[in-house]
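The values are calculated or read from the model by the stated rules, or taken from the named source; none is laboratory data. The model shown is predicted, which means the values in this text are computed figures rather than measured ones. For neighbour counting, all protein chains shown are included, and Cβ atoms are generated from backbone atoms with ideal geometry for every residue, glycine included.
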Amino acid sequence: MLNDTLATALSAMLNKEKIGKKECIVRPSSKIIKAVLQIMNENNYVGSFEEVKTVKGSLLKVNLLGNINKCGAIKPRYSIKKGGYEKFEKRYLPAKDFGIIFVSTSKGIMTHTEAKKKNIGGKLLAYCY
């Protein structure tokens, strides 16, 4: 049984990316994984993705572009206040303005830069660069 589907999905994509595959199948799919993939698509880390319904449940076919250096889930999911992003940027990202951290806020899932602009806090989900 899978405990953290987001962590499993991100590690599967990173492993396929490292061996040079162009497509990755992520199962099971969830709303959080779809939202994270949508943000990764907007920031050109992954290509398009589609949801495929099967008898056992739904899965996601993700087209990989070769742009992911590292990605992973943040455990535990730290709570973050609107002014505390700097500390976690230093911890999870290699350089300033390089990479994104996914934050679950009351306004939905977004990147840490969007959350800083909107001046809201939330819970840290994952990072990618």
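The figures follow:
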{"quantity": "Qualifying residue in the stretch 23-37 (condition: over 13 Å from the mean Cα position of the chain (by Cα), at pLDDT 95 or above and exposed (fewer than 11 other Cβ atoms within 10 Å of the Cβ))", "calculated": "no"}
{"quantity": "Residue check, Lys56 out of contact with any Phe, Trp or Tyr (no Cβ under 9 Å at 6 or more places or on another chain) and assigned to a loop (DSSP other than H, G, I, E, B)", "calculated": "yes"}
{"quantity": "Of all residues making up the stretch 60-114, the number that are touching a residue at least 40 places away in the same chain (Cβ under 8 Å), of a type in the set (D, E, K, R) and closer than 20 Å to Asp4 by Cβ", "calculated": "3"}
{"quantity": "Any chance Phe102 is hydrophobic (A, V, I, L, M, F, W, C), crowded, with 19+ Cβ neighbours inside 10 Å and over 16 Å from Tyr129 (Cα atoms)", "calculated": "no"}
{"quantity": "Criterion violated by Phe49 - all others in (1) on the phi < 0 side of the Ramachandran plot; (2) in contact with a Leu (Cβ under 8 Å, 6 or more places away or on another chain); (3) assigned by TED's automatic domain parsing to the domain that holds Asn119 satisfied", "calculated": "(3)"}
{"quantity": "Qualifying residue in the stretch 44-52 (condition: among the aromatic types (Phe, Trp, Tyr) and in contact with a His (Cβ under 9 Å, 6 or more places away or on another chain))", "calculated": "no"}
{"quantity": "Qualifying residue in the stretch 85-96 (condition: closer than 17 Å to Ile39 by Cα, modelled with pLDDT under 95, over 12 Å from the mean Cα position of the chain (by Cα) and not assigned by TED's automatic domain parsing to the domain that holds Lys22)", "calculated": "no"}
{"quantity": "From the options Lys82, Lys123, Lys75, residue that is assigned to a strand (DSSP E or B) and among the basic types (Lys, Arg)", "calculated": "Lys123"}
{"quantity": "Residues that are crowded, with 19+ Cβ neighbours inside 10 Å and in contact (Cβ under 8 Å) with a residue 40 or more places away in the chain, drawn from the stretch 40-59", "calculated": "Met40, Tyr45"}
{"quantity": "Residue ID - surrounded by the most Cβ atoms within 10 Å (Cβ to Cβ), chosen from residues in the stretch 66-84 that are basic (Lys, Arg) and over 19 Å from Thr8 (Cβ atoms)", "calculated": "Lys82"}
{"quantity": "Yes/no for Lys87 being farther than 22 Å from Met13 by Cβ, in a loop (DSSP other than H, G, I, E, B) and not small (Gly, Ala, Ser)", "calculated": "no"}
